[in-house]
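Visitor: Questions regarding the structure given below will be posed in turn.
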Amino acid sequence: MLKGKSALVTGSSRGIGRAIALELAKQGANVAVNFSGNEEKAQSVVEEIEELGVKSFKVKADVSNEAEVKQMIKQVVDQFNSLDILVNNAGITRDNLLMRMKEEEFDQVINTNLKGVFVCTKAVTRQMMKQKAGRIINVSSIVGVSGNPGQANYVAAKAGVIGLTKTTAKELASRNILVNAIAPGFISTDMTNALTEEQRKDMLDMIPLAKLGEPEDVAKVVRFLASEDANYITGQTIHIDGGMVM
Amino acid sequence: MMADVFDRVKTIIIDRLDVEEEKVTMEASFKDDLDADSLDVVELVMELEDEFDMEIADEEAEKINTVGDAVNYINSLQ
């Protein structure tokens, strides 16, 4: 389905990013695994991808740092000869009530989760314009649509990603670069495993499908958006949340 | 040298913007005379960077409005 394509997934050493990287590889794409902190985990994702019979390598870069990102993109294009699919997945949380949130906590989250998407998108656009084709898939969050107490920084960034997705989609449509966002709800990852039993129960009560999603549920939608099957979809935000927000 | 740069720039413009050769003069404005939109200009600048193996900073690229602006800028660096 994606044979011969090349992809870069930011923040793919674990969680949803890892599942996306593996899913794209299963479809035949060569996948670069970006990480910022966990080199060992990134390496094991690379090895899992290589076992699927496609090329992979890990590349360290802070997505909010333009110089590091440019270097990363260059490396991907050098190794794979093209860059067809960018998945902006890298994200962090620094949860706190608004009244207690430090300026630094706000800035860190905006930098990685929102500015990072801008920086990476800008850096791949040149290559995709030359190719006259490309797919950019931004990982937003359902809380970017609904709001969520304790996550003013995260929600602001994720809502920002949806706006950025729409504008990028409009600017690049004429060059056959399709840009969409996904908004996962509660997905079983390290981020949600940190919740207490009570928080978990409260969450499940809000989800019509009454269960957490798996990283693979998210990865399969990304695979669809990256494929020829999604040729007529751009600027959209697809909720993957068990019906939590409609 | 001057003519050489102009010819190379002209070839790229004709190819990229699909315009008639006579329209591509030093005075021609990309947007007003050659029907280019802002994204076309960004793309042209990218191609010029590749053709002449140079990097044009965003601040400089924003000043390029006419074919002559592009030719003169390239000449000033060579």
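The values are calculated or read from the model by the stated rules, or taken from the named source; none is laboratory data. Source: prediction; values computed, not measured. All Cβ positions, glycine included, derive from the backbone under ideal geometry; neighbour counts span all protein chains shown. Only protein heavy atoms, including side chains, enter the accessible area calculation; ligands, DNA and RNA are left aside. Shrake-Rupley method; radii C 1.70, N 1.55, O 1.52, S 1.80 Å.
Visitor: Please turn the phi angles of region A:150-167 into ³J(HN,Hα) values with the Karplus equation 6.51 cos²θ - 1.76 cosθ + 1.60 (θ = phi - 60°), one per residue in order, whole Hz, x for glycine and proline.
Guide: Working through the residues one at a time gives x, 10, 3, 5, 5, 5, 4, 5, 5, 5, x, 4, 5, x, 4, 4, 5, 5 Hz.
Visitor: Rounded to the nearest 20 Debye, what is the dipole magnitude of the protein assembly as shown about its Cα centre when Lys and Arg each give +1 and Asp and Glu each give -1 at the C-beta? Mind showing how you got there, number by number?
Guide: On the way: 35 positive and 54 negative charges, 288 e Å.
Dipole of the protein assembly as shown, to the nearest 20 debye: 1380 debye.
Visitor: Would you grab the residues whose amide H sits under 5 Å from the one on A:VAL179? Only those 5+ places off in sequence or on another chain, please, with H modelled 1.01 Å from N.
Guide: A:ILE136, A:GLY235
Visitor: What FRET efficiency comes out for B:GLU22 versus B:ASN65 if R0 is 25 angstrom and r is the Cβ-Cβ distance? Round to the nearest 0.05.
Guide: According to the calculation, E is roughly 0.80.
Visitor: Now for a separate question. Which percent of the accessible area of chain A is formed by carbon and sulfur heavy atoms (probe 1.4 angstrom)?
Guide: 50
Visitor: Would you pull out the residues with amide H under 5 Å of A:ILE240's amide H, same chain only if 5 or more places away, H placed 1.01 Å from N?
Guide: For A:ILE240, whose amide H was placed from the backbone, the distant partners under 5 Å are A:ALA183, A:GLY185.
Visitor: Binning every alpha carbon pair distance of chain B at 10 Å from zero, what are the percents per bin?
Guide: 19, 63, 18
Visitor: How long are the three semi-axes of the equivalent ellipsoid for region A:131-205, computed from the Cα gyration tensor as the root of 5 times each eigenvalue, in whole Å, largest first?
Guide: That gives 31, 13, 8 Å for the three semi-axes.
Visitor: Here is a follow-up. Work the Kirkwood hydrodynamic radius out for region A:1-133: mean of 1/r over every pair of different alpha-carbon atoms, inverted, in Å.
Guide: 15.0
Visitor: List the chymotrypsin sites (Phe, Trp or Tyr not before Pro) in region A:145-246 that DSSP assigns to loop (not H, G, I, E or B) and whose Cβ has at most 13 other Cβ atoms within 10 Å. Which are they?
Guide: Details: sites: A:TYR154, A:PHE186, A:PHE224, A:TYR232; in loops: A:PHE186, A:TYR232.
Of the chymotrypsin sites (Phe, Trp or Tyr not before Pro), the ones in loops of region A:145-246 whose Cβ has at most 13 other Cβ atoms within 10 Å are A:TYR232.
Visitor: What are the ³J(HN,Hα) values, in whole Hz, obtained from phi via the Karplus relation 6.51 cos²θ - 1.76 cosθ + 1.60 with θ = phi - 60°, for each residue of region A:200-216 in sequence order, with x given for Gly and Pro?
Guide: Using θ = phi - 60°, the values come out as 4, 5, 4, 5, 4, 5, 8, 9, x, 7, 6, 7, 6, x, 9, x, 5 Hz.
Visitor: In region B:37-67, what residues drop by 40 Å² or more in accessible surface going from the chain by itself to the full protein assembly, probe 1.4 Å?
Guide: Buried by 40 Å² or more upon assembly, which counts only protein chains, are B:LEU39, B:GLU43, B:MET46, B:ASP50.
Visitor: Could you state how much accessible area is buried at the A-B interface, both sides summed, with a 1.4 Å probe, in Å² to the nearest 100?
Guide: Summing both sides, the interface buries roughly 800 Å².
Visitor: Bin by bin, in steps of 5 Å, what percent of the Cα pairs in region A:89-153 do you find, going until the bin that has the longest distance?
Guide: Over region A:89-153, the share of Cα pairs per 5 Å bin runs 4, 16, 21, 20, 14, 9, 7, 5, 2, 0 percent.
Visitor: Show me, for region A:25-42, the HN-Hα J-couplings you get by feeding each phi into the Karplus relation (A = 6.51, B = -1.76, C = 1.60, θ = phi - 60°), rounded to Hz, glycine and proline as x.
Guide: Using θ = phi - 60°, the values come out as 5, 4, 7, x, 7, 7, 10, 8, 9, 8, 8, 10, x, 9, 5, 4, 5, 4 Hz.
Visitor: Here's something else I'd like to know. Placing one identical point scatterer on every Cα of chain A and ignoring solvent, what is log10 I(q)/I(0) from the Debye formula at q = 0.07, 0.09, 0.12, 0.13 Å⁻¹?
Guide: Per q value, in the given order, log10 I(q)/I(0) is -0.21, -0.35, -0.63, -0.75.
Visitor: Okay, moving on. Based on the Cβ-Cβ distance from A:THR196 to A:ASP78, what FRET efficiency comes out when R0 is 41 Å, to the nearest 0.05?
Guide: Efficiency computed from Cβ-Cβ geometry: 0.30.
Visitor: Sticking with this structure for a sec: First measure r as the distance between the Cβ atoms of B:GLU55 and B:ASN75, then evaluate 1/(1 + (r/R0)^6) with R0 = 22 Å and state the FRET efficiency to the nearest 0.05.
Guide: Efficiency computed from Cβ-Cβ geometry: 0.85.
Visitor: Distance from a point 7 Å along Cα→Cβ of A:ARG94 to each backbone N in region A:133-148: keep the residues under 13 Å and list them by number.
Guide: Correct set: none at all.
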